[in-house]
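K.L.:
Just dropping this structure here.
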Amino acid sequence: MKKTTLLLTALFLGAVSIFAQQFDDYFEDKTLRLDYIFAGDSAKQEIFFQEASSTPLWAGRRHHLSQPLLKGNGQISVRDPQSGQVIYSNSFSSLFQEWQSTEEATKVKKAFENCFQVPYPKQTVEVTVSLIDIHGKVSSTLTHTISPSDILIREKSSSVKWEYLHKGGDLQSCIDIAILAEGYSAADQQKFHDDAQRACGFLLGHEPFKSMADKFNIIAVAAESAESGVSVPRKDNWKKTAASAHYDTFYSDRYLMTTNMQDIYDQLAGVPFEHIIVLANTWLYGGGGIYNSINVTTSDHPTARQVLVHEFGHSFGGLGDEYFYDDQYSSMYPSDTEPWEPNLTTLVDFKSKWADMVGKKTAVPTPPIAYGDYDARNTLSFLQLDEKKQRTLVNTVGAYEGGGYQSKGVYRPAMECRMKINEVEEFCPVCTRALIKMIEYYTE
């Protein structure tokens, strides 16, 4: 038994050494920031490289370097031109690609800022950025060369003060999250500290993050805004703020987002982070989360906790929205393509999703669970059920039609979930498993 244990230990340590050696072979302990412009309309998109900069330390993962866990709506890859080997890759989504599905994108061309962080290479590398359409096909790509000795790569630093709110461990073993102040003036700095600490508690008080809190570092970044509050365009109320976030994104009242990614990354320069939460100083309901890009959430609305966790499901876990409409929403999930989001399916490739979690006697597609006047599109009807029935709706895994904004052709794992309505206190079993896998991907 001892020999077996020693052998397994040696193999494990050897594997760890290989991963560490691979990172050290190709990269320095620094961050290379790459800024791009995504531009176009509903029919065509282009990618433009803008500039490269650097910051001290690398807070990202040092293993699974060339293996994104999810496909995303785009990917950035770093390749060693000598061997042709991909030495780092990450997936993402973008506000630009969301905008392409809007009516406005059929009438005008627009450009959006995007910033990505990769480990700083020791030698010249090829970087490829690809955008993926709703059919899972590459729709646009750009490849260019980066030399680490390029004199135009400048090291950036920020004078914004930051502090740890929660420290689960060192940079190499934890997921590093920056909470950036938005709409907090010089007079609001104590409020930001209190709000950020509360937001940290919201996130780490929710499963599965609560049980895995030692795998997260959370930092408060006290960016100072010229004015308090956040812009509300429909009320002609514009504020001068650190992240330029505003409601009415894509003319949707509750969509709180920002397009000023470069300003955000400038303020975070030197902060060890992988994921961004922009905490907006407002009581008005709203928010938004984009996978491996940004999470914007509010400080003072009564549902701030629920919205923060939901949007983190998007921005960190790559989870899709499970609510749906009466088919007036334009299709984002065509019937011939399996969505990349782990909690949505068109049943094109259900085996790759949560088929293993569905009971043998459960039909797929799964008939909706019926409780009297309960209506899956009426959140108030969920609250009228007793706790046992509520838990049945959350924990009975199947393939229920309606999800990804579409009432037909898209299926979700449970009748109700944190990714569907704020009234549910937890993620369904499928979303929970997906989040645990993501946490382990970053840290193990």
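K.L.:
Looking at (1) surrounded by fewer than 24 Cβ atoms within 10 Å (Cβ to Cβ); (2) of a type in the set (A, V, I, L, M); (3) assigned to a strand (DSSP E or B), which is the one condition that is false for LEU284?
P.N.:
(3)
This table checks each residue for (1) β-branched (Val, Ile, Thr); (2) at pLDDT 95 or above.
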{"site": "THR346", "(1), (2)": "yes, yes"}
{"site": "TRP354", "(1), (2)": "no, yes"}
{"site": "GLY359", "(1), (2)": "no, yes"}
{"site": "ALA363", "(1), (2)": "no, yes"}
{"site": "PRO367", "(1), (2)": "no, yes"}
{"site": "GLY372", "(1), (2)": "no, no"}
{"site": "LEU383", "(1), (2)": "no, no"}
{"site": "ARG391", "(1), (2)": "no, yes"}
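K.L.:
Restricting attention to the stretch 19-39, report how many residues are modelled with pLDDT of 95 or more and either more than 23 Å from the chain's Cα centre (by Cα) or surrounded by fewer than 17 Cβ atoms within 10 Å (Cβ to Cβ) (or both). Steps first, please.
P.N.:
The first filter runs over the stretch 19-39 and keeps only residues modelled with pLDDT of 95 or more, leaving 26-39.
Next, only the ones that are either more than 23 Å from the chain's Cα centre (by Cα) or surrounded by fewer than 17 Cβ atoms within 10 Å (Cβ to Cβ) (or both) stay: 26-30, 37, 39.
Final tally of qualifying residues: 7.
K.L.:
To continue, here is another question. Looking at HIS135, HIS166, HIS144, which one is in contact with a Cys (Cβ under 7 Å, 6 or more places away or on another chain), surrounded by fewer than 20 Cβ atoms within 10 Å (Cβ to Cβ) and not acidic (Asp, Glu)? Let's see the steps before the verdict.
P.N.:
On the way: HIS135 fails: in contact with a Cys (Cβ under 7 Å, 6 or more places away or on another chain); HIS144 fails: in contact with a Cys (Cβ under 7 Å, 6 or more places away or on another chain).
Residue meeting the stated conditions: HIS166.
Yes/no per residue for (1) free of Cβ contacts under 8 Å to residues at least 60 places away in the same chain; (2) touching a helix residue (DSSP H, G or I) at 6+ places or on another chain (Cβ under 6 Å):
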residue	(1), (2)
ARG377	yes, no
LEU383	yes, no
LYS388	yes, no
GLY398	yes, no
TYR411	no, no
ILE421	no, yes
MET438	no, no
THR443	no, yes
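The rows are residues; the columns are (1) in contact (Cβ under 8 Å) with a residue 60 or more places away in the chain; (2) farther than 23 Å from ALA222 by Cα; (3) acidic (Asp, Glu).
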residue	(1), (2), (3)
GLN85	no, yes, no
PHE112	yes, yes, no
THR124	no, yes, no
ASP150	yes, yes, yes
GLU163	no, no, yes
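K.L.:
Regarding the stretch 271-278, can at least one residue be identified that is assigned to a helix (DSSP H, G or I) and either within 11 Å of the chain's Cα centre (by Cα) or among the β-branched types (Val, Ile, Thr) (or both)?
P.N.:
If we filter the stretch 271-278 for residues that are assigned to a helix (DSSP H, G or I), which is where we start, we get none.
Scanning the stretch 271-278 turns up no residue that is assigned to a helix (DSSP H, G or I) and either within 11 Å of the chain's Cα centre (by Cα) or among the β-branched types (Val, Ile, Thr) (or both).
K.L.:
If you don't mind, another one. Are any residues in the stretch 312-341 charged (D, E, K, R) and surrounded by fewer than 22 Cβ atoms within 10 Å (Cβ to Cβ), and if so, which ones?
P.N.:
Let us first name the residues in the stretch 312-341 that are charged (D, E, K, R), namely 321-322, 326-327, 336, 338, 341.
Within the stretch 312-341, ASP321, ASP326, ASP327, ASP336, GLU338 qualify.
K.L.:
A follow-up question, please. Hey, does the stretch 241-256 have a residue that's assigned to a strand (DSSP E or B), touching a residue at least 12 places away in the same chain (Cβ under 8 Å) and more than 17 Å from the chain's Cα centre (by Cα)?
P.N.:
Going residue by residue through the stretch 241-256, those that are assigned to a strand (DSSP E or B) are 246, 255.
Within this subset, residues satisfying the condition of being touching a residue at least 12 places away in the same chain (Cβ under 8 Å) are 246, 255.
Checking which are more than 17 Å from the chain's Cα centre (by Cα) leaves us with 246.
Yes, that holds for at least one residue.
K.L.:
Only one of LYS156, LYS210 is more than 20 Å from ASN281 (Cα to Cα), of a type in the set (Lys, Arg) and surrounded by 13 or more Cβ atoms within 10 Å (Cβ to Cβ); which?
P.N.:
Values: LYS210 fails: surrounded by 13 or more Cβ atoms within 10 Å (Cβ to Cβ).
The match here is LYS156.
K.L.:
Only one of (1) surrounded by fewer than 17 Cβ atoms within 10 Å (Cβ to Cβ); (2) in contact with a Lys or Arg (Cβ under 6 Å, 6 or more places away or on another chain) is not met by LYS351, so which one is it?
P.N.:
With (1) surrounded by fewer than 17 Cβ atoms within 10 Å (Cβ to Cβ); (2) in contact with a Lys or Arg (Cβ under 6 Å, 6 or more places away or on another chain) applied to LYS351, the lone miss is (2).
K.L.:
Filter the stretch 55-87 for residues that are surrounded by 18 or more Cβ atoms within 10 Å (Cβ to Cβ) and of a type in the set (Ser, Thr, Tyr); which is farthest from SER158 (Cα to Cα)?
P.N.:
SER77
K.L.:
Going residue by residue through the stretch 294-314, is there one that turns out to be in a loop (DSSP other than H, G, I, E, B) and under 17 Å from the mean Cα position of the chain (by Cα)?
P.N.:
Here is the first cut: in the stretch 294-314, the residues in a loop (DSSP other than H, G, I, E, B) are 299-303.
Restricting the remaining residues to those that are under 17 Å from the mean Cα position of the chain (by Cα) gives none.
No, there is no match, as no residue in the stretch 294-314 is in a loop (DSSP other than H, G, I, E, B) and under 17 Å from the mean Cα position of the chain (by Cα).
K.L.:
Please determine, by comparing only the residues of the stretch 354-374 that are free of Cβ contacts under 8 Å to residues at least 24 places away in the same chain, part of a loop (DSSP other than H, G, I, E, B) and surrounded by 13 or more Cβ atoms within 10 Å (Cβ to Cβ), which one is farthest from the chain's Cα centre (by Cα).
P.N.:
For the stretch 354-374, the residue satisfying everything is TYR371.
The values are calculated or read from the model by the stated rules, or taken from the named source; none is laboratory data. All values derive from a computational prediction rather than experimental measurement. Here Cβ is always computed from backbone atoms with ideal geometry, including for glycine, and neighbour counts include all displayed protein chains.
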